[in-house]
Every structure is written in structure tokens, then in C-alpha cells.
1. From Cα coordinates alone, what are the radius of gyration and Dmax values for the stretch 9-208 in angstrom?
2. Using helices alone, what [θ] at 222 nm do you get for the chain, with -39,500 (n - 2.57) per DSSP H run of 4 or more residues, divided over all residues and rounded to the nearest 500?
3. Kindly list the residues of the stretch 107-130 that lie in the label zone of I97, defined by a backbone N under 17 Å from the point 7 Å along the Cα-to-C-beta vector.
4. Arranged from highest to lowest average of other beta-carbon atoms within 10 Å per residue, in what order do the peptides 95-105, 40-50 appear?
5. Please give the peptides 110-116, 172-178, 67-73 ranked by average Cβ packing (other Cβ atoms within 10 Å per residue), highest first, as a rough proxy for protection.
6. Need the full-extension length gain, S87 to Y67, defined as separation in residues times 0.36 nm minus the C-alpha distance. One decimal, nm.
7. Report the extension gain between D45 and C80 in nm, rounded to one decimal, defined as 0.36 nm multiplied by the number of residues separating them, less their alpha carbon distance.
8. Where the only charges are on Cβ atoms (+1 Lys, Arg; -1 Asp, Glu), what is the dipole of the chain about its Cα centre, to the nearest 20 debye?
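What follows draws every value from the coordinates through simple rules; no lab data is involved. All figures in this text were calculated on a predicted structure; none of them were measured in a lab. Ideal geometry is used to build each Cβ from the backbone, glycine not excepted, and the neighbour counts take in all protein chains shown.
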Amino acid sequence: MSAMVKGGIVVVISGHGSNLQALIDASVRGEITAPIRAVISNKADAFGLERARLANIPALSLNVKDYADRAQFDQALADCIAEFEPSLVVLAGYMRILSAEFVQRFSGKMLNIHPSLLPKYPGLNTHQRAIEQGDSHAGTSVHFVTEELDGGPVLMQLMVAIEDGETEARLKAKVQKLEHALYPTVVQWCLEGRFTLQGNHAYLDGQRLEAPLIPLYDSHLA
Ligand code: GRF
């Protein structure tokens with residue numbers, strides 16, 4: 001591989017890539033100041049790869065079937081990411097559980113976005129679960145990735161009200177809008193070294209973060 005300037009972002013996806021698009025758009029607007037060096041998917045047909053190509057970002061895929069087990073696949077994925085020497089690895093709809101070795105390799109420099117107000121509803125079907133529980137609010141969380149699934153320290157969240165008669169599809173659309181507003185900010189703050197991870201705790205500007213930041217979000221401004 002040709003000589004590469006250090007730093008930048010690698011985005012890891014599995015699918016549609018609307019969060020990736022939000023990151024690309026923020027980068028074009030100059031709101032994310034490090035380049036997106038590559039987008040890597042475990043699915044060759046992920047639409048997010050097309051988004052990357054349209055933005056002239058290297059788009060790569062690794063097929064799980066080419067590897068004997070999770071450990072080998074994760075090692076190959078980690079090696080592929082590391083070739084780009086990113087300062088930040090951004091999971092954006094990556095739908096596989098990560099091995100402990102993978103997580104440790106990028107500890108403190110890997111983010112994930114999750115469609116619930118963590119610690120509520122780790123895992124799948126978050127919107128349906130929030131509606132069924134009668135919650136007043138749903139939202140999205142950005143967290144450092146640790147070995148616990150969706151369990152790393154949460155940095156920022158955005159919330160939206162669950163209305164009477166809310167459907168899963170409508171809530172998903174509302175939360176995705178929040179995600180696109182939230183992720184670029186957190187990514188940039190990590191790049192600036194404002195958010196850091198020490199042990200299992202997150203810090204903002206050197207102060208231990210006792211709870212996630214929850215900025216007020218006005219959907220009319222989005
Ligand atoms: C997002 O809702 C994110 O929270 C979750 O997966 C979804 C990915 O959507 N981790 P997209 O591929 O970015 O459109």
C-alpha cells in the first residue's frame with residue numbers, strides 16, 4: 001500500500017449506510033476535520049459501499065465465508081482497518097458481534113451508534129421494545145466500544161418523544177434523524193481528543209463523564 005498520512009477515520013458498516021452518509025456530508029461541510037480513509041463492510045452488497053464510492057472513498061468488503069471462524073474473520077477485518085492507520089474506527093450499522101481481541105486492538109478509538117437510550121435495550125428490535133414497554137421517550141446513543149455488547153460508556157444521546165399510536169417504522173425514522181444529527185458531532189469531538197476512554201470510563205475535556213450528555217434536540221432545526 002502506498003505511503004499514507006496518519007490519522008483519519010475508517011467506517012465499518014453492514015448495510016444501508018445512512019449514518020455513513022451523515023458522516024460523509026459532515027466531512028464535506030468541514031464539520032468533521034479528518035478524512036474518511038475507507039469504508040469496510042462484511043456485506044459486498046451493502047448500499048453504504050456505493051455511498052462511499054460516490055464520495056471517492058475506498059470501499060472494501062470482507063466475506064465471512066472466506067474465514068474459518070469469527071476469530072479469523074475479525075483478525076482480517078482488524079488488519080484491513082489497521083492498514084489505513086485510523087485515529088478513529090466508527091461502527092455505523094455494523095451488525096456482527098465483535099471478538100474481544102478486535103475490541104482490545106482499537107480500545108479507546110472505536111465508537112458505535114445504537115438506536116436506543118442505553119442502557120435500555122441493547123441488542124435488536126429496540127424501537128418495538130420501547131413502544132411495548134410504554135416508554136415516553138426513545139432515542140439514540142453513541143458509545144465507546146468495549147467488550148460488553150452495546151455496553152461501553154455512553155458519550156452523548158438524543159431523545160425524541162414516543163407519541164400515542166407510535167409505529168415501529170415511524171419511530172425508527174425519527175430516531176435515525178437524530179442519529180444523523182448526533183454521530184458527526186461525537187466523531188469530531190473524539191478526533192479533537194475531547195472524549196477519551198480510560199479504563200471503563202469516558203472523559204470529556206479531562207473530566208470524568210458521570211452521565212451521557214443529552215443536548216436538547218429541536219427536530220424543526222434538522
Ligand atoms: C442505525 O440505526 C444504528 O443505530 C444501528 O444500525 C443502524 C444503521 O443504519 N447500529 P444505517 O446503515 O446507518 O442506515
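1. 16.4, 49
2. For the chain, the value works out to -9500 deg cm²/dmol.
3. From the stretch 107-130, the list is 121-126.
4. Numbers: 95-105: 16.0, 40-50: 19.0.
In descending order of packing, they fall as 40-50, 95-105.
5. 110-116, 172-178, 67-73
6. 4.5 nm
7. Values: separation 35, 0.36 × 35 = 12.60 nm, distance 1.82 nm.
Full extension from D45 to C80 adds 10.8 nm.
8. Details: 19 positive and 25 negative charges, 78 e Å.
The dipole magnitude comes to about 380 debye.
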